[in-house]
Amino acid sequence: MPDENLDYRFILESTKKLFGDIYPDEEFLPRSSAPVHGDDDSDSAE
(Lines give C-alpha, C1' and ligand atoms only; values in the text may rest on other atoms or scores of the structure.)
Protein backbone atom coordinates (compact mmCIF):
# COMPACT_ATOMS: atom_id res chain seq x y z
CA MET A 1 0.00 0.00 0.00
CA PRO A 2 1.13 3.59 -0.56
CA ASP A 3 2.63 5.35 2.42
CA GLU A 4 4.23 8.69 3.29
CA ASN A 5 7.41 7.75 1.38
CA LEU A 6 5.88 8.25 -2.08
CA ASP A 7 7.74 10.83 -4.16
CA TYR A 8 5.89 12.40 -7.08
CA ARG A 9 8.33 15.27 -7.72
CA PHE A 10 9.76 13.82 -10.92
CA ILE A 11 6.76 11.94 -12.28
CA LEU A 12 5.79 14.62 -14.83
CA GLU A 13 9.35 15.01 -16.12
CA SER A 14 9.71 11.23 -16.44
CA THR A 15 6.36 10.99 -18.22
CA LYS A 16 7.28 13.74 -20.68
CA LYS A 17 10.62 12.06 -21.43
CA LEU A 18 8.99 8.66 -22.00
CA PHE A 19 6.33 10.22 -24.25
CA GLY A 20 9.03 12.04 -26.24
CA ASP A 21 10.98 8.79 -26.65
CA ILE A 22 7.90 6.95 -27.95
CA TYR A 23 6.37 9.78 -30.01
CA PRO A 24 9.23 12.13 -30.96
CA ASP A 25 7.14 14.19 -33.43
CA GLU A 26 4.08 14.71 -31.20
CA GLU A 27 3.40 17.52 -28.72
CA PHE A 28 2.98 16.41 -25.10
CA LEU A 29 -0.52 17.37 -23.86
CA PRO A 30 -1.37 19.92 -26.52
CA ARG A 31 -3.97 22.55 -25.73
CA SER A 32 -7.28 22.03 -27.47
CA SER A 33 -10.25 24.25 -28.11
CA ALA A 34 -13.45 23.93 -26.14
CA PRO A 35 -15.44 20.83 -27.09
CA VAL A 36 -18.42 21.25 -29.36
CA HIS A 37 -21.49 19.32 -28.26
CA GLY A 38 -23.81 18.04 -30.96
CA ASP A 39 -26.84 18.07 -28.66
CA ASP A 40 -26.72 21.84 -28.05
CA ASP A 41 -29.96 23.24 -29.55
CA SER A 42 -29.30 26.86 -28.61
CA ASP A 43 -28.76 27.88 -32.26
CA SER A 44 -31.72 26.02 -33.74
CA ALA A 45 -34.66 27.92 -35.18
CA GLU A 46 -38.04 27.08 -33.75
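For segment 28-40, the condition of being modelled with pLDDT of 90 or more and surrounded by 10 or more Cβ atoms within 10 Å (Cβ to Cβ) holds for at least one residue.
Contact map, segment 1-19: first residue within 22 Å of P30 (Cβ to Cβ), second residue part of a loop (DSSP other than H, G, I, E, B), Cβ cut-off under 6 Å, separation 6 or more or different chains; pairs are K16/F28; F19/F28.
The values are calculated or read from the model by the stated rules, or taken from the named source; none is laboratory data. Small disclaimer: the values here were computed from a predicted structure and weren't measured. Quick reminder, even Gly has a Cβ in these numbers, built from the backbone with ideal geometry, and neighbours come from all protein chains shown.
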